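Working notes, beginning with the structure itself.
What follows draws every value from the coordinates through simple rules; no lab data is involved. This is a predicted model, so every value here is computed, not measured. Counting neighbours? That spans all protein chains shown, and the Cβs are built from the backbone with ideal geometry, glycine included.
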């Protein structure tokens, strides 16, 4: 034993050194041996999208025996936070789903691979050049558009019919929408819809119906405190009448359909994007119906076709080629398209779309028909939102909480929002 | 150990009594080796990040682009242009003032009750300590949210509606979660109670002092150093509360920012809005504020903390 006394410090040092070495070996670079490649692929969405994506990924793995794809998904709010943290830590997933609001921030931050570098395995010829260009930042193809989507007023037709109220008509105005919600509430005893006051998306549709926009060309807010005050006064009035969801229901929204008022069965309708609305199917059932968003009082439509989802690869991925192959498979492979259907919206690959759309069934069919019904009548989409927008979306609904819980007047909250937005966009 | 080690080691085992500087330095070297895990940990994992965060607090670092120096802008924005910042300060102060005294009172009450327990002592102590081990976990916080949510246990029993969906109640739900984790201060109180000499109580009983009188005149003064220790510790912890608020409010500090604690807003600025520079500035202000509050507590302690043996001075 005594012999150990002096050797122990050295033994300790050696142990420390060894431990450090072992830790270094066990790092994220786990693709070391055997030519086996592991890709991480993440997205946000509902369980339906997850199930279909898993099936498509399994197909990909069968097609590429050396590649293993680890998948994970979450609701939008949680996904957004996790991805930001991962990306900042230099640990972005190899392949990731991105929103229009994220592209600018991540691309300028050097997180995203220029997909053109992999054009040998990633084909883009079948995508409309205008749509493809929405994924470009500073000349690099930062994200590949997966689909285009548009907002919708989604409702349970079974409950609606039971009230005897006339169904929504194409081109209804916000005033007509409010009157309809009042009637629904009177007949059914529950709110007609989730309170749209918390949603920056709904506010944008309303603004565009007035001929204004959320952001000016070249950055900065495109609206004034007065505009936002008007919008929040309008929605807050409806809330006070009990025509839209209560503050307590509204504050629980977190980007998953389960926590919406319609999802909880406490309202008849809700605002959402068209493809993600498939999440309501399991809750609402076959009565699920899509109606266009209300338009401005002079009939000017506010909703627009937005490149709704992008897929990108990490700039620091160890396997850019395989990552590009996975993206190519998800976008261009007919078999994958058959599995994925319209779970992310109507596919952008034109030959696949021509082939797939007539065969769509169920809710995919509903989405396709809905898009057809508004196609051609909508105005051009706004340019990609500035990088602060992703955070402002959250700020928007938090500030509206102050209004709906009656802690601030619409004007006070609107002034707060504009102050915060200006700091955010600086 | 190889055999070659032994002669060298044996030789060194019998150092001359006055080996001089050489042996001292060797011993010091060994001390540093033993300290190295801590030194490495403290410098690489604590001091270095702190220095970096101090630097970042003067920049507009957004996690993606290289930081740009902006001077004091983060600090001025925080104090003059950010209404939500002040809401988070107010919420945090309210929480500290509410949760800390309540938790200490419960801890002391349970400690007093446990002191007189004779049978199954160990069981009761473990049972009351258990929430402290569980409570910090995410899962308990989620269960808490379920209990206090609309249609949850509390809603059904009391008919108040879910607490976590009402701005007037949500903070209380979080505070109760903290109070429930009274185990650590309770154990310290219990140890303190056992230090109080039984003769004092015996003498007081002989003099006809009531239990309440004994508590005020003996227990509280004798326990005041322990009380002070718990107060400082729990106050510092309360300022930094994060997990329960995060989980109970589903990560949003809602409803209507009623549980938007300082740390939660800091997290929001840093990791949701990607304003790491701003979040770093917030962290430094919090550090200074906690330091200031602790200093004030120490200052006041002279007036009310009684150390045994003091009166003999």
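For the reader, a short list of remarks on this structure follows.
- Cα centroid separation, the range A:216-286 to the range B:44-63 (Å): 39
- Computed from Cα positions, the angle between helix A:320-332 and the longest principal axis of chain A comes to roughly 30 degrees.
- Helix A:362-374 and the longest principal axis of the C-alpha atoms of chain A enclose an angle of approximately 60°.
- Using R0 = 41 Å, the C-beta based FRET efficiency linking residue A:161 and residue A:355 works out to 0.70.
- Using alpha-carbon coordinates, inclination of helix A:47-63 to the longest axis of chain A, degrees: 40
- Taking A:200, A:258 and counting other C-beta atoms within 10 Å, the order from fewest to most: A:258, A:200
- Segment residue B:217-residue B:296, extension gain: residue separation times 0.36 nm, minus the distance between their alpha carbons: 25.9 nm
- Taken as Cα centroids, the range A:134-197 and the range A:41-63 sit 28 Å apart, rounded to the nearest whole angstrom.
- Relative exposure of A:79, A:417, B:262, judged by other C-beta atoms within 10 Å (fewest first): A:79, A:417, B:262
- Over chain A, relative contact order from alpha-carbon pairs under 8 Å, at least 6 apart, %: 25
- Relative contact order for the range A:280-399, counting Cα pairs under 8 Å that sit 6 or more residues apart, in percent: 28
- For the range B:105-165 versus the range A:337-381, the gap between their alpha-carbon centres in whole angstrom: 52
- Residue among A:235, A:250, A:224 with the largest mean-square fluctuation in a Gaussian network model of chain A, springs linking Cα atoms under 10 Å: A:224
- Percent RCO, i.e. relative contact order, over the range B:74-307, from Cα pairs under 8 Å lying at least 6 residues apart: 28
- Most mobile listed residue (B:231, B:200, B:142) in chain B, GNM with C-alpha springs under 10 Å: B:200
- Rounded, prolate or oblate (a/c below 1.5 giving rounded, otherwise prolate when a/b exceeds b/c) for the protein assembly as shown by Cα gyration tensor: oblate
- Taking the fewest neighbouring Cβ atoms within 10 Å as the starting point, the ordered list for B:178, B:46 is B:46, B:178.
- Among B:94, B:233, B:47, the largest mean-square fluctuation in a Gaussian network model of chain B, built with springs joining Cα atoms closer than 10 Å, belongs to B:47.
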